[in-house]
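Here the structure is laid out as structure tokens; the discussion comes afterwards.
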Amino acid sequence: MNLRLTDNPMELLQEIDACRLAMARLRRDGRRVGLVPTMGALHDGHLSLVRAARKMCDAVVVSIFVNPTQFGPGEDFESYPKTTEADLDACRSEMVDFVFSPKVSAMYPDGADMTSVHVSGLTEGLCGASRPGHFDGVTTIVSKLFNIIPADAAFFGEKDYQQLMVIKQMVGDLNMPIEIVGCPIIREKDGLALSSRNAYLSEVERMQAQCLNQSLMAACEKITSGQVVVDEIRDGIQKIILDAGPAEIDYIEIVDAVSLTPLPKIDRPARICLAVLIGGCRLIDNVAVDVPL
Ligand code: PAF
């Protein structure tokens, strides 16, 4: 593990200019900078990204910004969990060097909404189909963060697999000089993928939500024993989810792991991705699968 290079206490930066100055200092000192973009409500999944950044970089910057442009009408922008003090404490404990936590008015001042970054293709299916405009909001804010914080590497969780692939594509297409590092999903003991939105679940819904991971694990077992027909695998996943209690399935898709195009059968590295609403809370999960031997 890389040790922090300075004993300076963590700095909280709220202004873009102050952040640029701090980043210029790091670059002048030849530090390799790792950025962990977040919307706050930090949990162990985020902290695993911070730890990965700490291993690969000399200085770690966490951004905390609940980005309004990636929420659609009727989504949870207003109610998105905010745990600022706990987030800052967690960052301090993880020896984060800088937290960048700007106001919405700083990131989107009046008139600064005429430009957006759009990645086509990869954003059309899965979450993109039911959340129009969501990925434009993500790629635009991530580009803005990369411009303010010229990091060497940025760390994203595989739980948002489509987001990770979209950001990798954007960085490649636009020749952004930053390495995108995908980090494994962190799960609760019962398999539920960690998410800030899990806080919305009641006790009963929280129990029920185990079915997402259970359905993915059952699908993996089927595939290992030779099942490659996607419709068959999808039916099995759907049954486990619907048997667990009232839920609305947004999608269950098995897609090419790179292009994210739906597959009729598993004949190449693939990803099973799903989005399910339990008690109104939209949960996503995914797992990597390969052609059975
Ligand atoms: O994954 C998230 O928390 C957000 O989509 C991100 C990447 C921080 C952009 O707002």
What percent of all Cα-Cα pairs in the stretch 1-146 falls into each 5 Å bin, going from 0 up to the bin containing the maximum distance? 2, 9, 17, 20, 20, 15, 10, 6, 2, 0
Could you tell me the calculated FRET efficiency between Ala106 and Leu293, based on Cβ-Cβ distance and R0 = 41 angstrom, to the nearest 0.05? 0.20
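Using only the heavy atoms of the protein chains and a 1.4 Å probe, how would Val291, Val36, Val258, Val66 rank by accessible area, largest first? Please list the in-between numbers first.
Working: Val291 60, Val36 0, Val258 105, Val66 25 Å².
Result, largest first: Val258, Val291, Val66, Val36.
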At 7 Å along the Cα-to-beta-carbon direction for both Ala129 and Asp256, put a label point, then send me their distance in nm to one decimal. 1.7 nm
Using a simple spin-label model with points 7 Å from Cα along the Cα→Cβ vector, what separation in nm is obtained for Lys265 and Glu179? 3.9 nm
Violations at 22 Å Cα threshold for listed pairs Lys144/Lys168; Lys82/Lys189; Lys82/Lys159; Lys189/Lys265; Lys55/Lys189; Lys239/Lys265 -> Lys82/Lys189; Lys189/Lys265; Lys55/Lys189
Diffusion constant of the stretch 37-86 at 37 °C, which comes from Stokes-Einstein with the Kirkwood Cα-pair radius and 0.692 mPa s, µm²/s: 266 µm²/s
Label point distance in nm, Ala18-His118, each placed 7 Å from Cα along Cα→Cβ: 3.7 nm
Can you list residues from other chains, or at least 5 along the same chain, whose modelled amide H is less than 5 Å from the amide H of Lys265? Val230
Provide the net charge surrounding Ile241, with neighbours chosen by a C-beta distance below 12 Å and charges set as Lys +1, Arg +1, Asp -1, Glu -1. -3
I'd like the Karplus ³J(HN,Hα) series for the stretch 228-245: coefficients 6.51, -1.76, 1.60, θ = phi - 60°, whole numbers in Hz, and an x wherever there's a Gly or Pro. 10, 7, 4, 4, 5, 5, 4, 4, x, 5, 4, 5, 4, 5, 6, 5, 7, x
Over the stretch 48-152, what is the mean sequence separation of C-alpha contacts under 8 Å (at least six apart), divided by residue count, expressed as relative contact order in percent? 34 percent
With a 1.4 Å probe and every protein chain left in place, work out the accessible area per residue of the chain in Å², rounded to a whole number. 48 Å²
Bins of 10 Å, starting at 0 and running to the largest distance - Cα pair percent for the stretch 79-141: 16, 31, 33, 19
With all protein chains present, the stretch 188-293 has a carbon and sulfur share of its accessible area (1.4 Å probe) in percent of 55 percent
Neighbourhood charge, 14 Å Cβ-Cβ cut-off, centred on Lys189 and excluding it, Lys, Arg +1 and Asp, Glu -1: -1
Along each of its three principal axes, how wide is the spread of alpha-carbon positions in the chain, in whole angstrom units, largest first? 56, 43, 38
Viscosity 1.567 mPa s, temperature 4 °C: what is the translational diffusion coefficient of the stretch 67-188 from Stokes-Einstein with a Kirkwood Rh over Cα pairs, rounded to a whole number of µm²/s? 81 µm²/s
Net length gained if the chain between Glu248 and Arg197 were fully extended (0.36 nm per residue, minus Cα distance): 16.7 nm
What does the charge add up to near Val117, with Lys and Arg as +1, Asp and Glu as -1, over the other residues with Cβ less than 12 Å from its Cβ? -1
Quick check: residue separation of Asp76 and Arg187 times 0.36 nm, minus the Cα distance between them. What number comes out in nm? 37.7 nm
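The values are calculated or read from the model by the stated rules, or taken from the named source; none is laboratory data. Remember, it's a predicted structure, so these values are computed and weren't measured experimentally. Because the Cβ atoms are built from the backbone with ideal geometry, glycine has one as well, and the counts that use them run over all protein chains shown. Accessible surface areas use protein heavy atoms only, side chains included; no ligands, DNA or RNA. Shrake-Rupley method; radii C 1.70, N 1.55, O 1.52, S 1.80 Å.
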